[in-house]
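**Q** Quick one: the structure is below, questions incoming.
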Amino acid sequence: MSRIGLTPIPMPDGVKVDIKGNSVTVAGPKGSLVRDFHPDMKIVVEEGEIKVSRPTDQRHHRALHGLTRALLNNMVLGVTEGFQKQLEVQGVGYRVDLQDDGSLMLQLGFSHPVRIVPPDGITFDVEARTKVITVSGIDKETVGQVTAEIRAWRPPEPYKGKGIRYVGEYVRRKAGKAGKVGA
């Protein structure tokens with residue numbers, strides 16, 4: 001049985017937590033995040049720690065308990081350290097350019113370039129030599145979603161490995177055609 005929900009979340013210096021009903025606001029040096037949680041979960045700030053408790057031991061409440069604690073922990077980590085994910089672009093003729101307005105211009109073998117505008121709170125960074133895109137922000141969910149949307153434009157294909165992949169992602173390769181045998 002998971003005990004994630006029972007672990008208190010330590011609040012680093014400079015982090016303020018404001019709880020109004022089921023809405024929690026976490027503010028820190030990198031910004032602030034607001035999220036609404038399930039009304040059954042009780043969130044309390046005691047002795048520099050955030051504690052989450054559940055009303056019963058029903059399966060539904062146990063699942064919400066761990067989820068609420070994990071989301072709160074991600075909010076605290078986001079406003080103190082932030083989150084980032086990296087993608088790499090592989091393929092002949094595939095290019096990534098960072099525009100002046102902060103958007104990405106991708107050349108991915110289509111007849112047109114793909115322009116991706118970052119949502120609020122997300123920033124892009126591009127290392128031109130290695131074709132590595134870094135997506136960073138304070139909201140873990142948004143960082144992951146934007147990264148997945150960029151990757152979805154050209155996922156890595158199994159024959160040549162061309163496409164957009166996460167840094168360190170293993171792409172299983174397939175052998176090509178065996179060719180004609182005999183005639």
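**Q** Using Cα centres only, tell me the gap between segment 15-30 and segment 78-149 in whole Å.
**A** After rounding, the separation between the Cα centres reads 28 Å.
**Q** Another one. Tally Lys/Arg at +1 and Asp/Glu at -1 over every other residue whose Cβ is under 13 Å from the Cβ of T123; what's the total?
**A** -2
**Q** Here is a further query. Among G121, G14, G78, whose mean-square fluctuation peaks in a Gaussian network model of the chain (Cα, cutoff 10 Å)?
**A** Sorting by GNM fluctuation, first place goes to G14.
**Q** Rounded to the nearest 500 deg cm²/dmol, what is the calculated helix-only ellipticity per residue at 222 nm for the chain, with -39500 (n - 2.57) per DSSP H run of length n ≥ 4?
**A** -6500 deg cm²/dmol
**Q** Measure nothing fancy, just the Cα-based angle from helix 59-80's long axis to the longest principal axis of the chain, in degrees from 0 to 90, nearest 10.
**A** Rounded to the nearest ten degrees, it is 80.
**Q** At q = 0.18, 0.19, 0.24 Å⁻¹, what is the base-10 log of I(q)/I(0) for segment 4-80 according to the Debye formula with one equal point scatterer per Cα and no solvent? Please give it to two decimals.
**A** For segment 4-80 at q = 0.18, 0.19, 0.24 Å⁻¹, log10 I(q)/I(0) is -0.65, -0.72, -1.12.
**Q** In whole Hz, what ³J(HN,Hα) sequence does segment 10-26 give by Karplus (6.51, -1.76, 1.60; θ = phi - 60°), x for Gly and Pro?
**A** For segment 10-26, the Karplus curve yields x, 9, x, 4, x, 9, 10, 10, 10, 10, 10, x, 9, 9, 10, 10, 10 Hz.
**Q** So what's the net charge close to M41: Lys and Arg +1, Asp and Glu -1, counting the other residues with Cβ under 13 Å from its Cβ?
**A** +4
**Q** Under 25 Å Cα to Cα from K140, which lysines show up? Leave out anything in the same chain fewer than 8 places away.
**A** Correct list for K140: K16, K20, K30, K42, K51, K85, K131.
**Q** Next up: Tell me, rounded to the nearest percent, the portion of alpha carbon pairs in segment 83-166 spaced more than 23 Å apart.
**A** Beyond 23 Å sits 15 percent of the P(r) for segment 83-166.
**Q** Let me ask something else. Rg over Rh of the chain, using C-alpha atoms and the Kirkwood radius, what does it come to?
**A** 1.13
**Q** Between helix 140-152 and the chain, what is the angle of the helix's C-alpha long axis to the longest principal axis, kept within 0 to 90° and rounded to the nearest 10?
**A** 10 degrees
All of the numbers you see were taken from the coordinates with simple rules; none came from a lab. For clarity, every value in this text was computed on a predicted model and none was experimentally measured. Note that we place each Cβ from the backbone using ideal geometry, even for glycine, and neighbour counts take in every protein chain shown.
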